[in-house]
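Each reported figure results from applying straightforward, stated rules to the coordinates on display, with no laboratory input. Quick caveat, the model's predicted, so the values are computed rather than measured. Counting neighbours? That spans all protein chains shown, and the Cβs are built from the backbone with ideal geometry, glycine included.
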Amino acid sequence: MPGETIRKDTPPRVPPHLDDYDEACASFSWEQARSRLQGLPGGRGLNLAHEAVDRHAATDRATAVALRCVRRDDTVTTLTYGDLSRATSRFAHVLRTLGVGRGERVATLLGRCPELYTAVLGTLKNTGVVCPLFSAFGPDPVAQRLRLSDARVLVTTAELYRRKVAGRRTRLPGLRHVLIVGDPADTPQGTLSLTALTDRAADDFTIPPTAPGDMALLHFTSGTTGTPKGAVHVHEAAVAHWTSAYYALDLRPDDVFWCTADPGWVTGMSYGILAPLLHGATVVADEGDYDARRWYRILAQRRVTVWYTAPTALRMLMRTTPRTGPYDLPASYDLSALRLVASVGEPLNPEGVLWGRDVLGLPVHDTWWQTETGAIMIANFAACDIRPGSMGRPLPGVEAAVLRRGEDGRADTSGGRVTVLREPGAEGELALRPGWPSMFRGYLHDAGRTAAAFADGWYLTGDVVRRDADGWYWFVGRADDVVKSAGHLVGPFEVESALMEHPAVAEAGVIGRPDPVAGNVVKAFVTLRPGHEPTPETRRDLLAFARRRLGPAVAPREIDFDPHLPHTRSGKVMRRLLRARELGLPEGDLSALERTETPG
């Protein structure tokens with residue numbers, strides 16, 4: 001793993017929480033970490049919303065700013081911890097009035113608006129379960145996740161409801177209530193105005209007893225086969241959210257924190273909402289779309305101190321900032337408040353780390369985690385050396401290992417046992433020892449896929465890594481076919497299924513093609529039915545069809561026609577072979593390839 005090591009010879013201007021990695025790991029215990037949280041009054045358990053909002057609102061931090069939402073027109077809505085406590089209590093009362101209770105799912109289909117935070121935290125206060133949905137999803141993924149989650153309530157806008165839900169409402173008999181954010185006059189038929197309901201609600205709410213193991217969050221993640229998987233997380237995840245933000249992001253109450261991830265994904269929930277509020281920090285939320293000048297302006301005007309973003313976004317910013325040239329865009333803004341920049345969602349290449357150092361004056365600290373882990377597991381820490389291109393080292397309290405892989409590319413679990421590879425430079429599947437508080441508690445209604453995620457006392461991540469002699473981990477790739485595109489996991493099965501609903505498509509295979517900005521773009525190979533020609537018009541029609549059904553974040557960006565897709569002997573499209581041929585890589589073992597025998 002060659003490359004420049006960035007030495008931390010100069011102490012950071014704020015002494016970091018973790019200054020001695022080995023000592024922190026040796027002395028850490030999750031029991032001690034739990035003591036950092038308050039718990040519900042009277043020993044009634046542990047509730048995420050109480051820890052994130054109400055415990056601060058009951059102190060002199062009630063007047064501290066909890067949330068600054070920057071609207072698309074650059075106006076700013078500010079909520080203190082006291083304001084947020086009252087608003088979330090009103091939402092909890094709305095749910096109670098509607099008969100929505102403990103354990104029932106409340107889905108959010110919203111951008112970064114104040115009502116999102118109110119709905120999430122109010123649901124948790126009411127001991128309900130938050131199921132965030134990505135607002136750029138198309139109607140089919142939205143409806144599928146609403147159905148799989150058993151959602152009883154959806155909180156969204158009138159526009160998103162009309163575009164993505166209304167036409168499929170009859171197929172969602174379990175969805176009892178749709179609450180519309182915004183002007184009560186623009187409330188579609190069959191929905192309720194959230195504004196009208198909250199205006200009538202009380203602004204104090206007693207959180208019912210909440211066990212640490214009660215279900216709190218349901219995050220959907222894509223797999224290579226079958227429907228998306230709903231990863232279940234519990235209120236005790238607050239312990240890992242607080243701890244990981246303390247160590248990996250060096251967060252503290254006087255920080256102004258900006259996480260650019262969309263709230264429909266796990267990063268936007270765990271670190272865009274929960275972790276910074278658990279620390280009593282100020283959260284910046286931008287309702288607008290990516291724009292380099294807008295982002296630099298927000299960093300400067302809001303005096304952001306800790307910035308958590310994605311490698312894709314950093315690469316886009318790098319394109320606007322040539323290393324040589326007459327105009328250096330970041331230099332036009334006062335970014336002096338920044339003290340830590342971190343990234344998440346996909347591997348960060350060494351150029352991104354060094355760009356941060358050279359242009360922002362701060363190297364970018366990469367982190368690694370997954371929907372299933374619920375919180376950061378591996379990171380480059382503020383006080384430690386950075387090896388550009390590395391994921392970093394495990395957090396205190398996290399035990400990681402590299403496992404030997406079998407012929408299918410996943411960890412070799414033959415005989416129910418795994419083999420841990422200990423030699424430096426060994427390459428294998430990354431595994432984690434269960435026991436951290438934000439570990440997912442299973443996939444909803446899917447015991448089979450839950451069981452397959454564990455073996456011999458380890459959680460199997462599906463990521464292939466190397467570990468060097470000093471304990472730094474380096475990402476190699478996915479062991480399965482899931483595509484990481486712009487920080488989002490896209491399941492090829494979901495894309496293939498949508499394409500095959502088009503009358504021209506007989507079969508489809510989907511892979512990720514490397515892209516210098518997005519990391520990967522989704523590419524589909526399609527076999528057409530008889531009577532349909534592989535013309536540019538057909539390609540455009542299929543691309544548009546997929547975008548309508550799946551949304552731009554999931555739909556393929558490219559389509560090639562192939563009348564002879566490679567299959568296994570059992571009839572499955574060999575995505576591995578499609579990828580090898582696309583990238584000019586060795587095709588590897590072809591023993592499973594379906595052969596056409598020549599009569600003789």
Can you compute the modelled spin-label distance between Val517 and His564, with each label point 7 Å from Cα toward Cβ, in nm? 3.7 nm
Under the 0.36 nm per residue contour assumption, what length would be gained going from the current alpha-carbon distance of Ser336 and Ala185 to full extension? 49.9 nm
Whole angstrom only: what separates the Cα centroid of the range 238-290 from the Cα centroid of the range 394-423? 31 Å
Computed FRET value (nearest 0.05) for Asp20 with Asp254, which takes r as the C-beta separation and R₀ as 25 Å: 0.60
Which of rounded, prolate or oblate describes the range 59-118 when judged by the alpha-carbon gyration tensor and an a/c cut-off of 1.5? oblate
If packing is taken as the mean number of other Cβ atoms within 10 Å per residue, what is the order of 502-508, 533-539, highest first? 502-508, 533-539
Relative contact order of the range 200-350, defined on C-alpha pairs under 8 angstrom at six or more residues apart (%): 19 percent
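Let's see if you can work this out: charge +1 on each Lys and Arg Cβ, -1 on each Asp and Glu Cβ, no other charges. What is the dipole magnitude of the chain about its Cα centre, in debye to the nearest 20?
1220 debye
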What FRET efficiency would be calculated for the residue pair Arg404, Arg176, taking the C-beta separation as r and a Förster radius of 60 Å, to the nearest 0.05? 0.75
Per the helix-only calculation at 222 nm, which mean residue ellipticity applies to the chain, given -39500 (n - 2.57) for every DSSP H run of n ≥ 4 and division by its residues, nearest 500 deg cm²/dmol? -6500 deg cm²/dmol
Taking the simple approach of a point 7 Å from Cα along Cα-to-Cβ for both Arg293 and Ser35, what is their distance in nm? 5.3 nm
When Ser85, Ser485, Ser414, Ser332 are ranked with the fewest other C-beta atoms within 10 Å first, the list becomes Ser414, Ser332, Ser485, Ser85
Test of understanding: ordering Tyr81, Tyr290, Tyr21, Tyr333 by Cβ neighbours within 10 Å, fewest first, what list do you get? Tyr290, Tyr333, Tyr21, Tyr81
Label of the coordinate-derived value, Rg and Dmax of the Cα atoms in Å, listed as (i) 28.6, 103; (ii) 25.3, 89; (iii) 24.1, 88: (iii)
Anisotropy class of the range 483-583 from Cα gyration tensor, a/c 1.5 cut: oblate
Per-residue ³J(HN,Hα) for the range 401-410, Karplus 6.51 cos²θ - 1.76 cosθ + 1.60, θ = phi - 60°, Hz, x for Gly and Pro: 8, 10, 9, 5, 9, x, 5, 7, x, 8
Can you give the charge dipole size of the range 483-583 about its Cα centre, rounded to the nearest 20 debye, using +1 on the beta carbon of Lys and Arg and -1 on the beta carbon of Asp and Glu? 320 debye
I need the calculated FRET efficiency for the pair Lys8 and Glu533, taking r as the beta carbon distance and R₀ as 60 Å, to the nearest 0.05. 0.50
Given the candidates Gly280, Ala151, Thr367, the one whose Cα lies deepest towards the positive end of the charge dipole of the chain, counting +1 at each Lys or Arg C-beta and -1 at each Asp or Glu C-beta, is Ala151
Would you mind classifying the range 187-321 by shape? Square roots of the alpha carbon gyration tensor eigenvalues, ordered a ≥ b ≥ c; an a/c under 1.5 is rounded, otherwise it is prolate if a/b is larger than b/c and oblate if not. rounded
Find which of Phe545, Ile559, Phe493 sits farthest along the positive direction of the dipole of the range 483-583, computed with +1 on the beta-carbon of Lys and Arg, -1 on that of Asp and Glu, about the Cα centre. Phe493
Taking +1 at the Cβ of each Lys and Arg and -1 at the Cβ of each Asp and Glu, which of Gly477, Met316, Val70 sits farthest along the dipole of the chain towards its positive end, judged by Cα position relative to the Cα centre? Val70
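Considering only DSSP beta bridges where both residues belong to the chain, give the percentage that are antiparallel (nearest 5).
So the antiparallel bridges amount to about 55 percent of the total.
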